[in-house]
Amino acid sequence: MGSCHLLDLPLGECITTFNLEDAVCNHGFFMMAPNSWIPSTKTLQRPLRLANSTTSVMVSISHPPNNGSILIQVHDIQNVSLEDEKAILKQVGRMLRISEGDERNVREFQNMHPEAKKKGFGRLFRSPTLFEDAVKSILLCNCKWTRTLDMARALCELQAELADGWNSENIVKHRKKKRKKFARKQSKVNKCVDESCSNSQLLEGDNIKVKALGNFPSSKELATLTQGYLKKRCKLGYRACHIFELAERAEEGKLKLNLKKTSSYEGIYDKLSKIKGFGPYACATLMMCIGFYQMVPMDTETKRHLQQVHKTKKENAKEDVKRIYDKYAPFQALSFWLELLEYYEIKFGKLSTLPNSSYHIVTGS
């Protein structure tokens, strides 16, 4: 890469418990595009947004030994404004959970769970924005892990095209269709627009050998499209409806994603459960991202883990979760995730050393 701008994110009181490798390579989100963990240098690379929320820059995040700060290299840019620096630092701090509140959670959990302290576990990796966490929580639902990875990558390929203005003719047509749709007060479920136009055909054509990978799309970018186009382009299935509505409501100001200010776990869960597409599993996953760990995400992988590790019966999964993990309240999900991480690493080796090409195999099935 060309020129770069260097930023420091001071660890402060987090310095005694923080390890970049442990903070990143502990949750499936780190394997999902546009994140890229480089095992040889223990560096996380991905695009982040500048203060204008539209321009993205590639960054490399590392933690030099015995350094009290995280080092952030902002690539291919000479001048980064103070506002842009703050925006980048905020996103990195969120991903790695560098805050007083996160540090209190880490220490409290590690004090009650000696194995977590021994392994340096307690910072569950998340995305730079809550919107990205929310969409990725939906992508985890009702499908195999390989497809989840493919859908996340397709969304980032789409963002690269949108950022470059590629396929802009199609986007204009989608916007016109949207205005008519609102005027008629039609259902959100609409057919893909202009499926026969040449630009749309290029998306699936043989002319594109390697697709560029952009940032994860923002709510603003997704709201410029239509549900049908999003479904077809990224092969999202029924999830396109939920993701598109999530984006559209966010842009209309009808979706308050700044849920962390809500005082109680129950209050936040109640708000999330009313969002289309957020059943118990997606809610529990997003609650972990927000910083509440009382609910263990329950899916087939959870039930498999309980059967294999704790010798439970499938039909008693909910009761078994309470029996096994409630002693770690309010960190039940963290204690479960530590077990799951240990299971994966016994089976596949350290996740931080896996090549990107092997991510699709990381499942207990």
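A crude spin-label estimate for the pair residue 71 and residue 301, with each label 7 Å from Cα along the Cβ direction, gives 3.3 nm. With the convex hull drawn over the C-alpha atoms of segment 254-337, the volume per residue is 93 Å³. Cα centroids of segment 51-110 and segment 335-365: 25 Å apart. Extension gain for the segment residue 308 to residue 360, taken as residue separation times 0.36 nm less the Cα-Cα distance, is 16.6 nm to one decimal. Averaged over residues, the count of other Cβ atoms within 10 Å places the peptides 313-323, 80-90 in the sequence 80-90, 313-323, highest first. Here each label is just a point 7 Å from Cα along the line to Cβ, and for residue 79 and residue 146 those points are 5.0 nm apart. Using a 1.4 Å probe on the protein heavy atoms, what percent of the accessible area of segment 258-320 belongs to carbon and sulfur? That fraction is 52 percent. Here the calculated FRET efficiency for residue 54 and residue 235, from their Cβ-Cβ distance with R0 = 30 Å, stands at 0.70, rounded to the nearest 0.05. Packing around the peptides 283-295, 44-56, taken as the average count of other Cβ atoms within 10 Å per residue, puts them in this order, highest first: 283-295, 44-56. Every pair of different Cα atoms in segment 63-162 enters the Kirkwood calculation, which places the hydrodynamic radius at 16.6 Å.
Tell me whether segment 1-146 comes out rounded, prolate or oblate; compute the Cα gyration tensor, take square roots of the eigenvalues as a ≥ b ≥ c, and use a/c under 1.5 as the rounded threshold. Cα axes put segment 1-146 in the oblate bin.
By definition, a body whose alpha carbon gyration tensor gives a ≥ b ≥ c is prolate when a/c is 1.5 or more and a/b is larger than b/c, and segment 311-365 fits this prolate description.
The values are calculated or read from the model by the stated rules, or taken from the named source; none is laboratory data. Quick caveat, the model's predicted, so the values are computed rather than measured. Backbone-built Cβ (ideal geometry, glycine too); neighbour counts: all protein chains shown. For the accessible areas, the whole protein counts, side chains as well, though only heavy atoms, and no ligand, DNA or RNA atoms are used. Shrake-Rupley method; radii C 1.70, N 1.55, O 1.52, S 1.80 Å.
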